[in-house]
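Inspection log for the structure reproduced underneath, given as structure tokens.
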Amino acid sequence: MKPTEGPNVVRLRSTVKVTENGRRPAELACPGPVSVEAISGALLQQVLARENLQRALKQVRQNKGAPGVDGMSVDELPGYLKSHWPAIRAQLVAGQYRPQPVRRVEIPKPDGRTRLLGIPTVLDRFIQQAIAQIVQAQWEPHFHTHSYGFRPLRSAHQAVREMQSQARAGRAWVVDLDLEAFFDRVHHGKLMHRLQRHVDDLALRRLIHAFLKAGAWVDGHK
């Protein structure tokens, strides 16, 4: 959310370049050979728990979205999981799952420029959603009280009300800060180091790192 222009608005735009680049959810099946209890990582157990997977599938279907590099649509995902989930889950448990590259597309911006967007496959979005639901609970207590972006039970309307409250209290300065192309340039090593502070499950961290290193397809080339 950008503040109204005025004499007490300070706009800072960083240019720092950081180097480095029709089935219901209940029909998800667990593989016979490996049980959740056999997984060593406690958080990975939670990620692969049936209830969490059902929530993730429901959310991905609600989000809709375009297909990734494999062309699979959101509507095709439940049937695919019914046939292939046991093998996929076994790969996740063994640390052998390899996410597919994202499909890179350009989205027009109001100022005439374009923003690069990476579209994962729907299968990878499903797994990412399952991870996010668990990891979010680890990180949520550590966010600043007045952080409102992309958090559960938080909204832009709450942020506006807080700004109004701060203004009535006599605070008159607003700083608008934007890190240029942050998600394209974030240092993966530093990011994983920060993640380690609150996610002590090595197996889950390795899976998250695999998603970070999946790469992107641009015009049919990785």
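Scanning the range 76-94 for any residue that is under 28 Å from D200 (Cβ atoms) and part of a loop (DSSP other than H, G, I, E, B) turns up nothing. Inclusion of L207 among residues that are within 22 Å of V47 (Cβ to Cβ), open to solvent by less than 40 Å² (accessible area, probe 1.4 Å), outside any strand (DSSP E or B) and touching a Phe, Trp or Tyr at 6+ places or on another chain (Cβ under 8 Å) is warranted.
Of the residues making up the range 178-204, just one is closer than 21 Å to I119 by Cα, open to solvent by less than 40 Å² (accessible area, probe 1.4 Å) and either in contact with a Pro (Cβ under 6 Å, 6 or more places away or on another chain) or in a helix (DSSP H, G or I) (or both), namely H188.
All conditions but one from (1) open to solvent by less than 80 Å² (accessible area, probe 1.4 Å); (2) touching a strand residue (DSSP E or B) at 6+ places or on another chain (Cβ under 9 Å); (3) of a type in the set (V, I, T) apply to V175; the one that does not is (1).
To keep it simple, each residue is scored yes or no on (1) in contact with a strand residue (DSSP E or B) (Cβ under 7 Å, 6 or more places away or on another chain); (2) open to solvent by less than 70 Å² (accessible area, probe 1.4 Å); (3) of a type in the set (A, V, I, L, M, F, W, C).
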site	(1), (2), (3)
D70	no, yes, no
S73	no, yes, no
K82	no, no, no
P101	yes, yes, no
P120	yes, yes, no
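K213 meets each of the listed conditions (1) more than 23 Å from I107 (Cα to Cα); (2) surrounded by fewer than 12 Cβ atoms within 10 Å (Cβ to Cβ); (3) modelled with pLDDT of 90 or more apart from (1).
Counting just the residues of the range 133-152 that are within 17 Å of the chain's Cα centre (by Cα) and open to solvent by 50 Å² or more (accessible area, probe 1.4 Å), which one comes out farthest from E51 (Cα to Cα)?
Ranking the candidates gives F143 first.
Whenever a residue of the range 138-160 is over 26 Å from Q196 (Cβ atoms) and in a helix (DSSP H, G or I), its partners that are open to solvent by less than 50 Å² (accessible area, probe 1.4 Å) and at pLDDT 85 or above, lying with C-beta atoms within less than 6 angstrom and at least six residues away or across chains, give the pairs Q158/Y148; A159/Y148.
The values are calculated or read from the model by the stated rules, or taken from the named source; none is laboratory data. All figures in this text were calculated on a predicted structure; none of them were measured in a lab. All Cβ positions, even for glycine, are placed from backbone atoms using ideal geometry, and neighbour counts span all protein chains on display. Quick note on the areas: whole protein, heavy atoms, side chains included, nothing else; ligands and nucleic acids left out. Shrake-Rupley method; radii C 1.70, N 1.55, O 1.52, S 1.80 Å.
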